[in-house]
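These notes concern the structure reproduced below.
The values are calculated or read from the model by the stated rules, or taken from the named source; none is laboratory data. This structure is a prediction, so every number in the text was calculated from the model and none was measured. Cβ coordinates were reconstructed from backbone atoms using ideal geometry, including for glycine residues, and neighbour counts include every protein chain displayed.
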Amino acid sequence: MALFSPIPTALSTLSSKCSLSTKPLFTLPNRRNLSLFVTRSSADKGEGMVGSAAVEEKVEKKKESPSPDLEEKKLEEEEKEESPLDSNGAAVKVEIPKFQDPRWVGGTWDLKQFEKGDKIDWDAVIDAEARRRKWLEDYPEASSNEEPIIFDTSIIPWWAWIKRFHLPEAERLNGRAAMIGFFMAYLVDSLTGLGLVDQMGNFFCKTLLFIAVVWVLLIRDNEDIEKLRKILDETTFYDKQWQATWQDDTSSDSKK
Amino acid sequence: MAAHLHLSSPFSTGLPLKSPRRPRRIPSRSSLPAPVSARSVGRPLRAAIIGGGPAGSSAAEALAAAGVETYLIERSLAGSKPCGGAIPLCMLDEFSIPAHLVDRRVTSMRILSPSNLAVDFGRTLRPGEHIPMLRREVLDAFLRSRAQSRGAHLLPGLFTSLEPPSSLSSGEPYLIHYTSSPAPGALAGTPSTLAIDVVVGADGANSRVARSISAGTYSSAIAFQERIRLPPEKMAHYEDLAEMYVGSDVSPDFYGWVFPKCDHVAVGTGTVMSKTEIKKYQAGIRARAWSKIAGGEVIKVEAHPIPEHPRPRRVVGRVALVGDAAGYVTKCSGEGIYFAAKSGRMCGEAIARIWNDNSKDVVTEEDLKREYLRKWDREYLWMFRFLDLLQRVFYGSNAAKEALVELCGDEYVQRMTFESYLYKRMAVGDWRKDLGLVWRTVGSLAKAGIMGKEVERLRTLAEC
């Protein structure tokens, strides 16, 4: 059907028109821009191209349109992506760069190429996979039945993850805890006269210690406090929406 | 006797209305002492259902079967709804849907991660288990005609407005204003009015009934879909296979799909947070499935809103909302047909039960809330909550989506998922396997999270 074939041509005319008219639009008052906006968008109404209108707006001052950069980028991406999608099956190819790496063979990483001596260098595997995922985020690829992706991260042994990611952080946290612990023990001793052994015998001190350990486990950066609060809000938000219908019970009703 | 009289008057001034737990045997509980209408208790209840989709038709069927005078108002009898068309297996039994209405029996669902890792869901299906795919126009027409055969009166027309009675505690009826569809040859329909005791709003996501009772709004996702007719050799790939694509190129907070229908596939995607970019996501899903749908012809383009959560007020006065109008769509999977039909039926049965049990002359808001809403929430709220949790955890980022697909490779996950989806009941599993599953979930999420952070780190390095 003819639904998609006009789009690439419409888009290319729009973007060329925009680049030509950037200068004059800055000097024109808003109303004039709006009328241009209206005529352009009505021409595309059939396709529902919100992006076309937004490109006009982007040319004006940023604060007047909500997210101009996104709209512009979306338009460009659509141009790139729309072209293979000529629905009549006409051969219109777009150049999406495919992920290439000599170690990526047949839909999975060839572990033999990662060997260092007689052991596999798992850190390099993790790095390679991270690079591949970043590439795919920027240039998503079509899935295909002929070249299925087989690689799955469970190939990487658990200790490789721990050694690389958990241990350094654990070391840092333990170091901080030890320094703070030493200082607090000294402080409490100087204030109350209780030595370390006596401090541990006290219930209040034990509670403080417990709170400190839990705090360190959950909150490692300043952002974590906000994150935890947001998670708590989110978990109860959906529930609140469901219970909204019952709120009326307690408040109103007798007037009926 | 005098004491009894003294006692009965405070009871009948409406105090018990506040607490639904009072025993129902107290007489004159619902209204003022003097009878307000000349109707006798024996006359049938009049009910109107606005909207003749699965929710409306099920409600109409339940009400008509119980002897209620039922009117079903539907504005477009031949319309085809934009919809995935998948129903759980239990719906075939529960709603006695004949096998010849099913276009396809999907036995395998393939989920593809952002890096195109594909996992086939369905290895654990027992013989005979499948996901039936139907065309909505076929299903809706069947359910409507069955409601009619039970005694519901089908009124083709467009609902325009609802006039509540001046006081809800009296037995006065609601007035439904609608424009009946023009007769063949006529240009315009005739505005008509119905006097109705109970109204069921089943008119979908943009419900007019909900607006007229100020039920409140909900946030909604937009689902956008193109129906593409494929050449036969490509259609063969989708013989009994449906595909789900996750990734931020396809949708930031939902998934894209390729679902087979009778002789074409439906390729679509949806989103809540970036509705203006839906075309970009549609382009994304087409690119991802490109090798499998190239050469196809687009025969239809459709879009519809999907409610994200229930409306703040689902029962107001003697009007109850069901189905999409109430907002009964699960998160994560976006499933709504079964819940629409089930809520319609539950509401219809509740109304019939209220009417028959007490032989009062009016159905109250408390009755509806107790018999319909509370039962509904008790039975299905856990499922909605769980799917909301899944969506929040696994649809948040590309990394989480990769973890989701990896987890789906596990047989236990597949079996539990299908059990709960196909039969709509809490799947009872082995507690040891459950623990193992929790462990695997934590592990996968941790690994995927680490991968995500690595990707971010590479990105910031590249940008510097």
Open item on the list: Out of B:Gly216, B:Gly185, B:Gly204, B:Gly270, I need the residue that is buried (at least 21 other Cβ atoms within 10 Å of the Cβ) and part of a loop (DSSP other than H, G, I, E, B). Which one?
Closed with: B:Gly204
Task: Matching entry among B:Ile196, B:Ile213, B:Ile228 (being farther than 28 Å from B:Gly348 by Cα and not charged (D, E, K, R)) - done: B:Ile228
Open item on the list: I'd like the full set of residues that are within 14 Å of chain A (Cβ to nearest Cβ) and under 30 Å from A:Arg131 (Cβ atoms), limited to region B:79-135.
Closed with: B:Arg110, B:Ile111, B:Leu112, B:Ser113, B:Pro114, B:Ser115, B:Asn116, B:Leu117, B:Ala118, B:Val119, B:Asp120
- [ ] Output the residues belonging to region A:134-157 that are in contact (Cβ under 8 Å) with a residue 40 or more places away in the chain, within 25 Å of B:Arg440 (Cβ to Cβ) and surrounded by 14 or more Cβ atoms within 10 Å (Cβ to Cβ).
- [x] A:Pro148, A:Ile149, A:Phe151, A:Ile155
TODO: Under 7 Å between Cβ atoms, at least 6 apart or on separate chains: pull out the pairs that start in region A:236-256 with a residue that is farther than 30 Å from B:Arg392 by Cα and end on any residue that is at pLDDT 80 or above and surrounded by 14 or more Cβ atoms within 10 Å (Cβ to Cβ).
DONE: A:Lys256/B:Glu365
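Could you grab me the full set of residues in region B:273-286 that are part of a helix (DSSP H, G or I) and either buried (at least 19 other Cβ atoms within 10 Å of the Cβ) or in contact with a helix residue (DSSP H, G or I) (Cβ under 9 Å, 6 or more places away or on another chain) (or both)?
Of all residues in region B:273-286, those part of a helix (DSSP H, G or I) come to B:275-286.
B:Thr276, B:Glu277, B:Ile278, B:Lys279, B:Lys280, B:Tyr281, B:Gln282, B:Ala283, B:Gly284, B:Ile285, B:Arg286 - these are the residues of region B:273-286 that are part of a helix (DSSP H, G or I) and either buried (at least 19 other Cβ atoms within 10 Å of the Cβ) or in contact with a helix residue (DSSP H, G or I) (Cβ under 9 Å, 6 or more places away or on another chain) (or both).
From B:Arg378, B:Arg392, B:Arg353, B:Arg345, which residue is charged (D, E, K, R), in a helix (DSSP H, G or I) and under 16 Å from the mean Cα position of the chain (by Cα)? Let's see the steps before the verdict.
Details: B:Arg378 fails: under 16 Å from the mean Cα position of the chain (by Cα); B:Arg392 fails: under 16 Å from the mean Cα position of the chain (by Cα); B:Arg353 fails: under 16 Å from the mean Cα position of the chain (by Cα).
That would be B:Arg345, the only listed residue that is charged (D, E, K, R), in a helix (DSSP H, G or I) and under 16 Å from the mean Cα position of the chain (by Cα).
One line per residue, one yes/no per condition, for (1) of a type in the set (A, V, I, L, M); (2) at positive phi; (3) assigned to a helix (DSSP H, G or I); (4) more than 14 Å from every other protein chain (Cβ to nearest Cβ):
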{"site": "A:Ile162", "(1), (2), (3), (4)": "yes, no, yes, no"}
{"site": "A:Met179", "(1), (2), (3), (4)": "yes, no, yes, yes"}
{"site": "A:Leu191", "(1), (2), (3), (4)": "yes, no, yes, yes"}
{"site": "A:Val197", "(1), (2), (3), (4)": "yes, no, yes, yes"}
{"site": "A:Val214", "(1), (2), (3), (4)": "yes, no, yes, yes"}
{"site": "A:Arg220", "(1), (2), (3), (4)": "no, no, no, no"}
{"site": "A:Ile231", "(1), (2), (3), (4)": "yes, no, yes, no"}
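List the helices (runs of 4 or more DSSP H) that sit entirely inside region B:1-100 and contain at least 2 residues that are at pLDDT below 90. Give the steps one after another, and end with the answer.
Details: elements: B:2-12, B:54-65, B:89-94.
So the answer is B:2-12.
Okay, residues lined up against (1) out of contact with any Phe, Trp or Tyr (no Cβ under 8 Å at 6 or more places or on another chain); (2) at pLDDT 90 or above; (3) among the aromatic types (Phe, Trp, Tyr); (4) surrounded by 23 or more Cβ atoms within 10 Å (Cβ to Cβ):
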residue: B:Lys331; (1), (2), (3), (4): no, no, no, yes
residue: B:Ile337; (1), (2), (3), (4): yes, yes, no, yes
residue: B:Ala341; (1), (2), (3), (4): no, yes, no, yes
residue: B:Glu349; (1), (2), (3), (4): yes, yes, no, no
residue: B:Ile354; (1), (2), (3), (4): yes, no, no, no
residue: B:Ser359; (1), (2), (3), (4): yes, no, no, no
residue: B:Val362; (1), (2), (3), (4): yes, no, no, yes
residue: B:Asp367; (1), (2), (3), (4): yes, no, no, yes
residue: B:Lys375; (1), (2), (3), (4): yes, yes, no, no
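Sort out which residues of region B:106-147 are basic (Lys, Arg), outside any helix (DSSP H, G or I) and modelled with pLDDT of 90 or more, and write them in order of number.
B:Arg110
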Open item on the list: I'd like the full set of residues that are buried (at least 18 other Cβ atoms within 10 Å of the Cβ) and of a type in the set (Asp, Glu), limited to region B:55-110.
Closed with: B:Glu61, B:Glu74
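If we scan region B:418-441, do we find a residue that is under 23 Å from B:Gly247 (Cα atoms), more than 10 Å from chain A (Cβ to nearest Cβ) and aromatic (Phe, Trp, Tyr)? Reasoning before the result, please.
Applying the first criterion (under 23 Å from B:Gly247 (Cα atoms)) to region B:418-441 yields B:418, B:421, B:440-441.
With the extra rule that they be more than 10 Å from chain A (Cβ to nearest Cβ), the set shrinks to B:418, B:421, B:441.
Among the residues that remain, those that are also aromatic (Phe, Trp, Tyr) are: B:418, B:421.
Within region B:418-441 (the criterion being under 23 Å from B:Gly247 (Cα atoms), more than 10 Å from chain A (Cβ to nearest Cβ) and aromatic (Phe, Trp, Tyr)), the answer is yes, since at least one residue qualifies.
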Open item on the list: I'd like to know if region B:287-304 contains one or more residues that are crowded, with 24+ Cβ neighbours inside 10 Å, touching a residue at least 40 places away in the same chain (Cβ under 8 Å) and of a type in the set (Lys, Arg).
Closed with: yes
Open item on the list: Go through (1) more than 22 Å from B:Lys292 (Cα to Cα); (2) within 24 Å of the chain's Cα centre (by Cα) for A:Ala142 and report which single condition fails.
Closed with: (1)
TODO: Show the residue pairs that are 6+ apart or on different chains and have beta-carbon atoms under 9 Å apart, the first residue being within region B:385-402 and at the interface with chain A (Cβ under 10 Å from one of its Cβ atoms) and more than 19 Å from A:Leu232 (Cβ to Cβ), the second being among the β-branched types (Val, Ile, Thr) and not in a helix (DSSP H, G or I).
DONE: B:Leu387/B:Thr330; B:Asn398/B:Val246; B:Glu402/B:Val246
TODO: Could you grab me the full set of residues in region B:233-256 that are within 13 Å of chain A (Cβ to nearest Cβ) and not in a loop (DSSP other than H, G, I, E, B)?
DONE: B:Glu233, B:Lys234, B:Ala236, B:His237, B:Tyr238, B:Leu241, B:Glu243, B:Met244, B:Tyr245, B:Gly256
Open item on the list: Can you report the number of residues in region B:278-329 which are more than 8 Å from chain A (Cβ to nearest Cβ) and closer than 22 Å to B:Cys83 by Cβ?
Closed with: 22
TODO: State yes or no: is B:Ser420 at pLDDT below 90, in contact with a helix residue (DSSP H, G or I) (Cβ under 6 Å, 6 or more places away or on another chain), part of a helix (DSSP H, G or I) and among the hydroxyl-bearing types (Ser, Thr, Tyr)?
DONE: no
Open item on the list: A:Glu56 - would you say it is modelled with pLDDT under 70 and in contact with a helix residue (DSSP H, G or I) (Cβ under 6 Å, 6 or more places away or on another chain)?
Closed with: yes
Open item on the list: Could you check region B:390-412 and list, in sequence order, the residues that are within 23 Å of B:Ser274 (Cα to Cα), touching a Lys or Arg at 6+ places or on another chain (Cβ under 9 Å) and surrounded by fewer than 18 Cβ atoms within 10 Å (Cβ to Cβ)?
Closed with: B:Leu390
